[in-house]
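Below you'll find the structure, written out as structure tokens, and then a few comments.
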Amino acid sequence: MISELCYNYIVETFLTAGSLSKKNKGRDFLSKTIKTVLSAFGVLMIWGLYLVISGCSMLLLDDEFPDFAFEKTDKELLVVEDALYPSLESSIDQYIADLNEEGSTVYLYIWEEGTAFDLKAVIETYYTENGIGGVLFVGNLPTVWYEQNGFEGHEEFPIDLFFMDLDSTWQDNDKDGIFDYHSALELEIFISRINGTTLELMRYFDKVHKFRTGQMDIDPSAYVFKDNSWEDFKPGSDFGLSRIYNSILINEKKGDTEKANYISKLTTSGAEYVYQWIHSFPPLLVVEGSSSWEYIHTSDIISGNMKGLFYNLFNCSAVRFTEDNLGMTYLMKTDYGIAATGSTKTGGNYYPNAFHYVLSEKGTWGDAFKGWYNYYGVKDDKWFLGMIILGDPMLVLTKEAQKGLKSLSVGIVPPSPDEIEELNKEILDFGYDYSGGSFAEYKNQNPQFFGD
Ligand SMILES: [Ca+2]
Ligand SMILES: [Ca+2]
Ligand SMILES: [Ca+2]
């Protein structure tokens with residue numbers, strides 16, 4: 001439209017200039033020639049301008065949604081803890097039937113016993129022989145741990161990237177049972193987890209069935225809550241979610257980021273996609289209120305029956321699945337939560353545009369994680385080595401959500417080193433150790449995963 005207006009304007013200007021020369025009949029031929037040349041010149045100019053403008057917006061769009069090739073996964077391995085399987089059998093049959101309906105194949109493996117290394121060997125076999133693209137662990141299945149110098153010095157945490165990179169090397173150089181070295185990572189597959197009581201897991205499978213059959217009553221919309229510490233980080237940005245959703249509520253101004261705003265939104269209309277930036281511990285969100293810290297416990301999530309389907313948790317240690325945690329609470333103890341991504345340690349996804357890009361292209365939750373990690377997560381172990389997903393990794397957003405609007409948003413370029421330094425500072429300024437239980441505690445509680 002703008003181009004058309006400009007075109008008319010410029011052509012008119014040139015033609016007017018040409019018509020002035022009409023006054024001199026002797027120069028009529030020259031006038032016609034000039035008119036033709038000038039008109040053609042005008043068209044060329046407009047065309048050039050159009051190319052420049054469209055080129056610019058494509059560049060901007062590429063920054064916002066790094067375009068990389070990904071293949072939607074359609075073969076999943078389901079690994080189910082044997083003690084749970086008899087009670088879950090009909091739920092799992094339904095799950096497999098629903099996925100088959102979508103055109104995906106599910107392989108079922110009942111996990112009896114063994115170490116994390118045994119579990120990885122099972123995955124490798126299905127990867128090599130069946131070409132699986134992702135895995136869902138159902139129940140309490142083993143994990144390995146990693147240690148490094150992070151935000152508060154030494155940190156140790158469960159690490160599921162170990163299962164996702166099938167040709168990587170991992171070492172425990174000080175022989176304390178916790179990995180402290182990994183080779184360069186590039187994930188071949190994604191893995192995800194759900195864990196809870198039999199009843200909670202049955203309820204979870206019931207939810208994903210309802211979601212797949214269009215019975216989950218939540219508007220296709222997104223909710224971004226960015227607490228005080230990050231008010232100035234990419235202000236106004238929806239992190240590319242406007243490409244997916246028509247309706248997005250962003251709470252990021254101090255007056256709008258009270259506990260009351262969060263509770264109110266997620267206990268009334270709710271949102272299909274929730275992206276929240278809040279300080280936290282595994283089972284606790286700590287919102288900065290106008291005069292004091294305000295706490296949201298897992299018990300508040302349960303009693304409020306929080307209405308969000310997909311959660312992107314920029315909340316430290318929010319999915320530390322080896323203990324009571326926020327992520328699994330949304331999934332196991334509400335009527336709505338079906339998938340989450342977050343960190344098992346201090347950290348979170350501060351630049352999820354690649355994640356959102358895959359979702360906007362109808363990739364699965366797992367595809368989005370793998371695509372984002374290989375593209376951006378791999379660059380920063382301090383922030384991202386604890387990143388994982390929870391919930392059914394074969395889920396895709398609702399059809400209603402995928403508008404493919406391709407609109408631009410503020411804050412589209414990756415954070416600069418200065419911006420990341422500011423993010424680091426906000427973590428340290430909070431002044432608490434976010435991490436949860438230790439490896440030693442995990443080992444004591446789960447002797448069955450250790451051969452010694
Ligand atoms: Ca070690
Ligand atoms: Ca690899
Ligand atoms: Ca606040």
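Below, the figures for the structure above:
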item	result
Kirkwood-based Rg to Rh ratio, the stretch 77-166, C-alpha trace	1.05
Sequence-distant residues sharing a close amide H with LEU284 (under 5 Å, placed H)	LEU326
Ascending count of other beta-carbon atoms within 10 Å, so fewest first, for SER280, SER91	SER91, SER280
Order of VAL413, VAL138, VAL122 under a 10 Å beta carbon neighbour criterion, fewest first	VAL413, VAL122, VAL138
20 Å reach of a label modelled at TYR181, 7 Å along Cα-to-Cβ, counting backbone N of the stretch 145-171	145-150, 154-157, 159, 161-163, 165-171
Relative exposure of GLU102, GLU124, GLU288, judged by other C-beta atoms within 10 Å (fewest first)	GLU102, GLU124, GLU288
Radius 12 Å from Cβ of ASP300, net charge of other residues (Lys, Arg +1; Asp, Glu -1)	+1
The stretch 169-262 - charge dipole about Cα centre, Lys and Arg +1 at Cβ, Asp and Glu -1, debye rounded to 20	480
Dipole magnitude of the stretch 216-435, debye to nearest 20 (Cβ charges: Lys/Arg +1, Asp/Glu -1, about Cα centre)	580
Cα-based Rg of the stretch 167-324 normalised by 2.2 N^0.38 Å, two decimals	1.22
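No value in this document is a laboratory result; all are computed from the given coordinates. Computed from a predicted structure; not experimentally measured. Reconstructed Cβ throughout: ideal geometry from the backbone, glycine too, with neighbour counts over all protein chains shown.
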